[in-house]
Structures are given as structure tokens and as C-alpha cells.
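Here is the structure we will look at.
The values are calculated or read from the model by the stated rules, or taken from the named source; none is laboratory data. All figures in this text were calculated on a predicted structure; none of them were measured in a lab. Cβ placement follows ideal geometry from the backbone for every residue including glycine, while neighbour counts extend to all protein chains displayed. Surface areas here come from the heavy atoms of the whole protein model, side chains and all, with no ligands, DNA or RNA. Shrake-Rupley method; radii C 1.70, N 1.55, O 1.52, S 1.80 Å.
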Amino acid sequence: MSKLGDLGAKLYRGEVGYDFVGKRFIWYGVSILITITAIVALAVQGLNMGIEFKGGAVFTTPKTAVSVAKATESAEKASGHDAIVQELGTGGLRIQISGLDTDSAASVKKQLGTDLKVDANQINADLVGPSWGEQIANKAWTGLGVFMVLVVIYLAIAFEWRMAVAALIALIHDLTITVGVYALVGFEVTPGTVIGLLTILGYSLYDTVVVFDGLKEGSKDITKQTRYTFSEIANRSINGTLVRSINTTVVALLPVAGLLFIGGGVLGAGMLNDISLSLFVGLAAGAYSSIFIATPLVVDLKEREPAMKALTKRVLAKRATAAAKGEDADGADADDAPQVVSQGGQGRRRR
């Protein structure tokens, strides 16, 4: 068995573990700092919205010897707006001009043909009106809102409202960080970006539900024993799925990293950046929030209950008594303790 597999088995059996829940205020502080940075970036720099959202035109030219820098200068001079120029594999250019209205597109197309030394009739022009872009933006917000509502309803039914609240906060955390990174690096926000955001939210939710399922199974009849507190059961649930979370995250990040760094960076396929950056940042943030944010939040909410407070007092009192007598506090009712044995989203309880 590999070292990682051996570690996973020990974490699964509870032989070793890290106190994620006990150090939760450190993770909260880190998340608050990152979130504030993202919000400041959004407020100061804002998002670089693509033409699909604010309107404009995309001109695709046939093969030309004109450089990207020269084409950018020509496009901005002809249109009076900022232009983004990308070199295509065919030798042609993709010229994106935001804010260009349809009335001006014909004259800009003609001028581009002259400056780039190509036939203007061979330049393909795709025009997007601002009203259509506004409709796309509204649909994106609607889709995101519906997704969030359905998540809360499902988790409240399948688990409990505390887990639904914690998962919602974790999703908002992931979304804020990802959007903040877009503001920091200045990448364009396109419909592909929105698709990427919805994808990573679904992935983050899946990872969170796996941990929640183990916690739900492990905490059944928890008040009938005095070996573990709720926070300790929650911590065992996180440790039991830790290696699985790491493996699935790394496997998911590798192809996305290929799209972002090789496809978008090395090969110059800039359009891949629209979706790959949101996937890369969101997958990493989703794995982090599932482990360090969602379950610790459930613990904070759950341990406010009188029954959980009473359980904690009984567990601590028993341990104090056993320590005074020099006995093992876990030995007396070890068989009565819920054992977290969740694997692959499935769980069982050993009595």
C-alpha cells in the first residue's frame, strides 16, 4: 500500500487525525482575509465583462502579416474603443471591441481591411447588442439564484437546516473568492465563466455532502454515549474523508491546469481562460471550504443546542473523573460510541 493510502486507512480508522474543528477559528480568519481581499478587488478594479454582457463586436480576419500590437492600435483608432486582439492558429486575428454599436461596425470593418491589408469582405463580424448582453447577465444571476435555493432545500431535507446553512455559506465563500480572482487578474467574464462557476459550485457541494453524510451517520444516537462530543465526531468525519478529498481535487485540477497554463498560456488560446480560471480557482476553494469551513460551521451551530451542551459537560466530567482515578475515560463505554466509517458517501454505525 502507498504511503498516502496507508495514511488514508489510518485516518479512516481514527488511528491518526488532525484537529480541523479545534483550530477552526484560524481557518475562519484566513477565509475572512481572503474574502475581504476579493471584495476590495471587486470594488476597486471591478470585473472585465466580455462583450456578451456589455455589447460590442468581434471581427475575425483571414491570414495577415500584421502584428497583434499593430492590429490593436488600428482597431482602437478606427473604433474609438478599447480592443483585445488575439492571434489565431490559422494566421488570422480575432479582434474584440467592446461598446461598439452596430451602426459603426461597417465602417470599422472597412477600415480594418485597409489597415490589415486584407479583403474587408473576408472579415467575419459578430455583433452583440447591449440589450442582449443584459438578458444574458440576468439569466446568469437567475440560474445562480435558483441553484442556491435548490441546494438549501435539498440539504435541509436530506440532512438538517444547520448543514444547509453551512453549505450555503461555503458556496458563497467559493464564489466570492473565484470572482475576486477574476477582478485581480483582469480576465474577461463571459458565459463560459458563468458555466465554470456553476460547475465548481456543484463540485464543492458534492465534496461537502460526502463529509456531511459521514457526520450524519456518526452522530446518530450521540447523546446516548459519553465517549465523544459532537465536535470530535465531526472532526473524525473530516479526517475519514480527507485523503479522498485530496485525491479527487488533485485529479480534477490536473486537466484544468492543462487548459489554463498550457492551452491559455503556452498555446495562446485565450478563450480557454474564460472557463479554465474559474474551474481552477473554484475547485481549489471548494476543496478548502468543504474541509475547513462547512463542517466547522455545522459544529458551531449544532453545539448551541442544549442537548449538545449537556453532552459536552457529561463527556468532560467523565474524563475528569477518570483522570483523577488514573483510568482510561474511553474504556468504560467504548462500545457505545458511534464509529465514523463513511467511505464513498456511504456510512454505517457500529454498536
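Among the residues in segment 223-240, are any touching a Leu at 6+ places or on another chain (Cβ under 8 Å), modelled with pLDDT of 85 or more, over 16 Å from Ser290 (Cα atoms) and surrounded by fewer than 19 Cβ atoms within 10 Å (Cβ to Cβ)?
Checking segment 223-240: at least one residue is touching a Leu at 6+ places or on another chain (Cβ under 8 Å), modelled with pLDDT of 85 or more, over 16 Å from Ser290 (Cα atoms) and surrounded by fewer than 19 Cβ atoms within 10 Å (Cβ to Cβ).
Quick one: Ala158 ticks every box in (1) surrounded by 15 or more Cβ atoms within 10 Å (Cβ to Cβ); (2) under 30 Å from the mean Cα position of the chain (by Cα); (3) of a type in the set (Gly, Ala, Ser) bar one, so which box is it?
(1)
Which residue, of Leu184, Leu215, is over 15 Å from the mean Cα position of the chain (by Cα), modelled with pLDDT of 85 or more and open to solvent by 60 Å² or more (accessible area, probe 1.4 Å)?
Every option except Leu184 fails the conditions.
Kindly evaluate Lys63 against the criterion of being part of a helix (DSSP H, G or I) and either more than 30 Å from Phe292 (Cα to Cα) or within 28 Å of the chain's Cα centre (by Cα) (or both).
no
Any chance segment 3-21 includes a residue that's of a type outside the set (D, E, K, R) and either in contact with a Cys (Cβ under 7 Å, 6 or more places away or on another chain) or modelled with pLDDT of 85 or more (or both)?
There is at least one residue in segment 3-21 that is of a type outside the set (D, E, K, R) and either in contact with a Cys (Cβ under 7 Å, 6 or more places away or on another chain) or modelled with pLDDT of 85 or more (or both).
Within the bounds of segment 195-209, is there any residue that is over 12 Å from the mean Cα position of the chain (by Cα) and surrounded by 24 or more Cβ atoms within 10 Å (Cβ to Cβ)?
No, there is no match, as no residue in segment 195-209 is over 12 Å from the mean Cα position of the chain (by Cα) and surrounded by 24 or more Cβ atoms within 10 Å (Cβ to Cβ).
Can you name the residue in segment 241-251 that is β-branched (Val, Ile, Thr) and farther than 14 Å from Phe20 by Cβ and, of all such residues, is least open to solvent (accessible area, probe 1.4 Å)?
Thr249
Residues that are over 12 Å from the mean Cα position of the chain (by Cα), modelled with pLDDT of 80 or more and open to solvent by 40 Å² or more (accessible area, probe 1.4 Å): does segment 261-277 have at least one?
Checked against the condition, which is being over 12 Å from the mean Cα position of the chain (by Cα), modelled with pLDDT of 80 or more and open to solvent by 40 Å² or more (accessible area, probe 1.4 Å), segment 261-277 yields no hits at all.
Taking segment 172-226, which residues are within 30 Å of Ala317 (Cα to Cα) and part of a helix (DSSP H, G or I)?
Val211, Phe212, Asp213, Gly214, Leu215, Lys216, Glu217, Gly218, Ile222, Thr223, Lys224
Answer yes or no as to whether Lys77 is in contact (Cβ under 8 Å) with a residue 40 or more places away in the chain and charged (D, E, K, R).
Answer is no for this residue.
Just checking, how many residues over segment 241-250 are among the hydrophobic types (A, V, I, L, M, F, W, C) and either more than 28 Å from Gly218 (Cα to Cα) or modelled with pLDDT under 80 (or both)?
Total satisfying the criteria: 1.
Residues of segment 56-87 being buried (at least 21 other Cβ atoms within 10 Å of the Cβ) and small (Gly, Ala, Ser), which ones?
Of everything in segment 56-87, those that are buried (at least 21 other Cβ atoms within 10 Å of the Cβ) and small (Gly, Ala, Ser) turn out to be Gly56, Ala57, Ala71, Ala75, Ala78, Ser79, Ala83.
What are the residues in segment 137-152 that are in contact (Cβ under 8 Å) with a residue 12 or more places away in the chain and either more than 20 Å from Leu47 (Cβ to Cβ) or open to solvent by 40 Å² or more (accessible area, probe 1.4 Å) (or both), if any?
Those that are in contact (Cβ under 8 Å) with a residue 12 or more places away in the chain and either more than 20 Å from Leu47 (Cβ to Cβ) or open to solvent by 40 Å² or more (accessible area, probe 1.4 Å) (or both): Phe147, Val151, Val152.
For segment 112-129, check the following and say yes or no: at least one residue is out of contact with any Pro (no Cβ under 6 Å at 6 or more places or on another chain), farther than 23 Å from Glu52 by Cα, open to solvent by 20 Å² or more (accessible area, probe 1.4 Å) and basic (Lys, Arg).
Checked segment 112-129: at least one residue is out of contact with any Pro (no Cβ under 6 Å at 6 or more places or on another chain), farther than 23 Å from Glu52 by Cα, open to solvent by 20 Å² or more (accessible area, probe 1.4 Å) and basic (Lys, Arg).
Just to be sure I understand, how many residues within segment 18-53 are over 16 Å from the mean Cα position of the chain (by Cα), part of a helix (DSSP H, G or I) and surrounded by 17 or more Cβ atoms within 10 Å (Cβ to Cβ)?
Qualifying residue count for the region: 6.
Considering each residue of segment 72-92, count those that are under 33 Å from the mean Cα position of the chain (by Cα) and not small (Gly, Ala, Ser), and give that number.
The number of residues fulfilling the criteria is 6.
Among Ala334, Ala329, which is the only one that is surrounded by 14 or more Cβ atoms within 10 Å (Cβ to Cβ), farther than 26 Å from Val165 by Cα and either modelled with pLDDT under 80 or among the aromatic types (Phe, Trp, Tyr) (or both)?
Only one candidate qualifies: Ala329.
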